[in-house]
Every structure is written in structure tokens, then in C-alpha cells.
Amino acid sequence: MISSLIIPLVVLFVIIYAIIKKVPVYDTFIEGAKESFDLILKLFPCLLAMIFAVNILTKSNIVTNLFNFISFIPNEIIPLIIMRPISGTSSLAILSTIYETLGPDGFIGTLASYIQGTTDTTFYILTLYFGSVGIKKIKYALWAGLLADLVSITISILFVSFFS
Amino acid sequence: MVNKIWGFFIIIGIIYCLFNNNVDVINNEILNSCKTALDMTFKIFPVMALWLGISKIAEVSGLLKKLSLKLSFLLKYIFPEIPKGHQALSYISSNIIANMFGLGNAATPFGLKAMQSLQELNNKKDTASRSMITFLVLNTSGVTIIPTTIISLRMMYGSISPTSIVFPCIIITFTSTIIGLIIDRILARLS
């Protein structure tokens, strides 16, 4: 219920605020939407590469067979948990494989949506951000980042188990 | 790192299938992945364009700036080492606001700027400062309010209610960010 209200309310608020501030809303919208061409051109090769690799790995069943012993985390989620901190596009590729095989609304599908939505690419951000200013000693940064991801994943699992 | 993992995935997958006599599956998958990738790109594209349009309006009207200003008052408590009114605070809040709106690509430049001005405050230039690590934690616990890409993917695969994940994601993100910050404080004490 609340979920379906959030996006319309945000859109409504953004447009009313812009009209009060006398922004040409239509022109601005077009200008912003144009930027998507750039983004999508950059996205396609990465997505193709990652879907290719991830599909080969997941369809070979090796992950499911290897990780059978971790019982509290559903097997289908494990590739997502492994890849999420490393690369955003590959975790999207895994997410789409999960949706395709198990549907987006089931237990696993919902859980995967939560995990993808509430975590981020820790390794990528760490490398990019710290690398850009020449930090070599990252101290406990990696542990802090990964623990934050782990907390998000744990809460996601608890949330799906209790509320669906 | 990504290069190694990518290669590793393909090699392991194919070899495992060869040993298990599953070559047909792999043949299918190799060709199928092209179609899936194109489908995905086309399905994400319109939703992304729509959302970029809306967020452009929010940016031009000054709404994003106003929100980041509000947020930077809160950030004083999370980043006690940053002096009042320092640039770093406004970059950090712009980064968080962009992430909240699901604009990962817009968030990165702000994030890099934030790191630069945190580096100015840093005493040991080759070592991560406490504020930097706290900033990383804020980023990795993923403060997203509208996960655009996930919603469009859910639409593509025929979800009954693609946006139903929005509210739970906000609750999870909020809780995990707070716990993440507490863990960050504890680790800072220990080190």
C-alpha cells in the first residue's frame, strides 16, 4: 500500500516544487531523459559480458552443488551475495536470472530484490574512491563495508521471512 | 579483479558442464545470454529515461540542493571530525541524495569530490581517515529510496506489483545503515 504511493508522491512533489520555482518542466524533462542514451550505450556491453559469464556459471549448477551446506541462506541467492560487493552489472545479471527462473514475486525473488536494493558494490566503491585520492592503507575500511553489506543481507532475510 | 572473476566464471562453468555431460545446457546458455542482455537493456532503458527526466527537474528546480542542505545538518553528528560548514559535508550530502533517488551514476562524481575534500582534512595522506571509512559505510549500506533498475527488471519479468519492494527496501536500508554506522564506530574504537 505505502509502497505504491511513494513514487507517485515523489513525482507529484518534484513537479509542483519545480512549477513554483518557475522551471520549464517539460523541456527539463526532455533534457534529462536524453542523458539515458549515453548511459544505456555504456550499460549494454557490460550487461552482455556479465550475463554471459553468470549464466554459464549458474546453469552449470556448480554453485548450488558447492554451497549446499549453508542452509540458512537459500542456494539461489548465493551467487548474488558473492557478486553484489564486486560488480553492479553482474549482480543485476544474476538478479535477472533469478527473476527468470523463480519469478520476481516469490520468496527468493523478493529476497533478491531487497538484497540488490539495499546493498552496494563495496569493492568497487572502495577501489574507486580510495584509489582516486591515493590512499594505500585502508585500515578497517573493507571490514566495515562488508559488515554493512552483511547486515543489509541479514535484515533482508529476516524481513522476507517475517512479512511474507 | 573483475577481469579475473569474469574469466574464472566462464572457465569453471564450462569445465564443470563438460564433466557432467551437460554440454547442451551451455550451448543454449551461450546464445541465450545475448538475447537476455538485449531484452534487459531495452526494458531498463525507458524506465531509466523517465526517471532521469524527473530527477533532472528536481535538480534544475534546486530541490536536490535544498535536500542536501537539510541533510548536511544531520551529517554533523555522523562526521564529528569535519569542521562546520566545510565543503566535504555538502559533497557527502549530494552524494547521498543522488543515491537515494537511485541515480548511481550521478552520485559517483559527488563521491569522488567528497573523498578529495576529506583528503584535505586527512593528516596521514596514505592512510584512510575515520571520516572516509564512515563515508564508505554510508555508501555501501546503500541508502536508496527509489531503486529504479530493480523496479524495471521486476516489470520485465511480469511482477504483480513491481513497486511493492520500495517500502520494505527503505526500512531495511534505514535499519542497516544505522547498524552499519554503529559497527563503524566500534571498529574505529578498536583500531
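The values are calculated or read from the model by the stated rules, or taken from the named source; none is laboratory data. These numbers come from a predicted model, not from an experiment. Cβ coordinates were reconstructed from backbone atoms using ideal geometry, including for glycine residues, and neighbour counts include every protein chain displayed. Ligands, DNA and RNA are excluded from the accessible area calculation, which covers all protein heavy atoms including side chains. Shrake-Rupley method; radii C 1.70, N 1.55, O 1.52, S 1.80 Å.
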Exercise. With the contact rule set at Cα under 8 Å and sequence spacing of 6 or more, what percent relative contact order holds for the range A:47-163?
Worked result: 24 percent
Problem set entry | For A:ASP27, solvent-accessible area (1.4 Å; no DNA, RNA or ligand), Å² | 100 Å²
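Using Cα pairs closer than 8 Å and at least 6 residues apart in sequence, work out the relative contact order for the range B:43-190, in percent.
For the range B:43-190, the relative contact order is 23 percent.
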Problem set entry | Average accessible area per residue (Å²) across the range A:72-113 - probe 1.4 Å, nucleic acids and ligands excluded | 28 Å²
For this session: Return one number: the angle in degrees, 0 to 90 and rounded to the nearest 10, between the long axis of the Cα atoms of helix B:2-19 and the longest principal axis of the Cα atoms of chain B.
Result: 30 degrees
Exercise. Using Cα atoms only, what is the angle between the long axis of helix A:141-163 and the major principal axis of chain A, expressed in degrees (0 to 90) to the nearest 10?
Worked result: 90 degrees
For this session: For chain A, find the longest principal axis of its Cα atoms and tell me its angle to the long axis of helix A:2-20, 0 to 90°, nearest 10.
Result: 30 degrees
Seminar exercise, completed: Of all stretches in chain A that avoid trypsin sites (Lys or Arg not before Pro) placed in a DSSP loop and having at most 11 other Cβ atoms within 10 Å, the longest is A:23-135
For this session: Count neighbours as other Cβ atoms within 10 Å of each site's Cβ, and list the trypsin sites (Lys or Arg not before Pro) in the range B:89-191 that are DSSP loop with at most 16 such neighbours.
Result: B:LYS124, B:LYS125
For this session: Return the average number of partner chain Cβ atoms within 10 angstrom of each residue Cβ along peptide A:100-110.
Result: 4
Problem set entry | Size of the B/A contact, given as accessible area buried on both chains, probe 1.4 Å, in Å² | 8200 Å²
For this session: Compute the separation of the alpha-carbon centres of the range B:53-105 and the range A:89-133 and state it in Å as a whole number.
Result: 24 Å
